[in-house]
Amino acid sequence: MRGFGELEAVVMHRVWAHDGPVTVRDIFDELREERPIAYTTVMSTMDNLHRKGWLARERDGKAYRYTAVASREEYSARLMGEALAAAGDTEAVLSHFVAAMDGDQSAALRAALEKIAGRPS
Amino acid sequence: MITALALFGYAAAAAGCAPALLAPLTSRGVSARLGLAAWLAAMASAGASAAFGAYLVIATAVANWAPFTAALCRSVAGDACTPQVYRSELYEGGVTALAVVVVLAAAAALWRYGRRVQRAQRQTRAHAETALLAGRALADQVPAGHAQGRRAGTVVLDDPRPAAYCVAGRPAAIVVTSGALALLGGPQLAAVLAHERAHLAGRHHLLATVTRGLTAAFPGVPLFARGAAEIARLSEMAADDAAVRVEGCPALVTALLAIATGAPVPGSGFAELLPGHGGSGHEAVPAAGLAATACAVPARVERLLDPPGRSAVAVSRLALAALSVLLLLLPAALAVLPS
């Protein structure tokens, strides 16, 4: 499962690296230079990505031509919007390393910093 | 019926008293993991007692409807309750209507809980999947020496705001923004990742999902609302403790301060390695607008810098363990003994 998700990421990054539409053959040729991989694996991965809504495709003769539905930056912005949203916007359970601070907390933090600075290290 | 009433009484008492008992014991997070266990035990104890009490009432009502309505009538009206009253159609109809209302209320609570949990799980998994696909693998972003970062599932998102978080999924993802990466040195990054991995390993997202679901299902119960907040706070502290065990206290504290204030750890940071983050002229962008569920940084830093003594830890552990056992045994005893 993990391995398959990783391949999806690899394929998406390849598609984003292209300016225009790509075929399974384009991606397969690129990946083959780095790792042993079957054409059908790349094809089913791209088919999956299409089914999940990451890739759009158009028939061109016998083959499909794939394009990314949104750019990587757009996905990043969407994720950060969800992650940094004020409470209530999203119900995704994210465990943040650091939570937001109000004025009192910032003051307490500065006090703690002075405490460290005052310590012989 | 006596057992059911005893269970309801216990559930009400536990919901009322447990926060007052537990809050002072867990406020400083002296033993965060036992604190988590104690809050969970309190919520489970009160919830399970009420649920089992309700089950007993329903079972009695279904099995012996006529004696049940008679007993109900006498328990409310006493001697004024004559057979003419409790065998009347009007009274029977009233009890039936009451039962329907209670069942509908329970179904509504269950539905609210299920909807909340299901939505949270769907959005959480979608977020993790998108992060893993759209993020850059951390392994490609930091030098090979920082082996801790070279793990599957850890991705970097390009954003100047410093943030780091984990999100459960199949598989789970740990997300670090390029803004955070620019502030941290190798040891600090390792501490951040250890903290987030501790959240995932401890299944803290499940605790958050269940406790938030309970709060959504029973909005008026203070034990659930307080418990959800305390469990979020203690989860942070438990993850801090895990990070300290692996990476040491200085790395974690400096990482917390760097991300909270937006000022880089002096003499370190992966700033020069990142696109759009020149090594010089870095502007401090403090962490802002993050979800308010996690606990405050100053309290965490204070706690890490000024750990309690051994005797205080021992006393706190003993008290929390004893309280947890009591919370779990009492309702079990009530359920078994009188009958």
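The values are calculated or read from the model by the stated rules, or taken from the named source; none is laboratory data. Worth saying up front: this structure is predicted, and the values here are computed from it rather than measured. Virtual Cβ from ideal backbone geometry, glycine too; neighbours counted across all protein chains shown.
Here are the numbers for this structure:
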| quantity | calculated |
| --- | --- |
| Among the candidates B:SER75, B:SER49, residue that is surrounded by fewer than 19 Cβ atoms within 10 Å (Cβ to Cβ) and over 18 Å from B:ALA322 (Cβ atoms) | B:SER75 |
| Subset tally (residues that are touching a Pro at 6+ places or on another chain (Cβ under 7 Å) and among the hydrophobic types (A, V, I, L, M, F, W, C)) for region A:43-85 | 0 |
| Count of region A:1-51 residues which are away from chain B (no Cβ under 14 Å), polar (S, T, N, Q) and in contact (Cβ under 8 Å) with a residue 12 or more places away in the chain | 2 |
| Close pairs (6 angstrom Cβ cut-off, 6 or more residues apart or separate chains): free of Cβ contacts under 8 Å to residues at least 24 places away in the same chain and at the interface with chain B (Cβ under 7 Å from one of its Cβ atoms) in region A:67-78, crowded, with 19+ Cβ neighbours inside 10 Å and in a loop (DSSP other than H, G, I, E, B) anywhere | A:SER76/B:ASP158 |
| Residue satisfying all of: in region B:272-324; of a type in the set (D, E, K, R) and at pLDDT below 80; farthest from the chain's Cα centre (by Cα) among these | B:GLU272 |
| Condition met for B:VAL62 (modelled with pLDDT of 90 or more, over 19 Å from B:GLY213 (Cα atoms) and surrounded by fewer than 16 Cβ atoms within 10 Å (Cβ to Cβ)) | no |
| Checking B:VAL210 against (1) in a helix (DSSP H, G or I); (2) farther than 28 Å from B:THR261 by Cβ; (3) in contact (Cβ under 8 Å) with a residue 40 or more places away in the chain; (4) at the interface with chain A (Cβ under 9 Å from one of its Cβ atoms), the condition it does not meet | (4) |
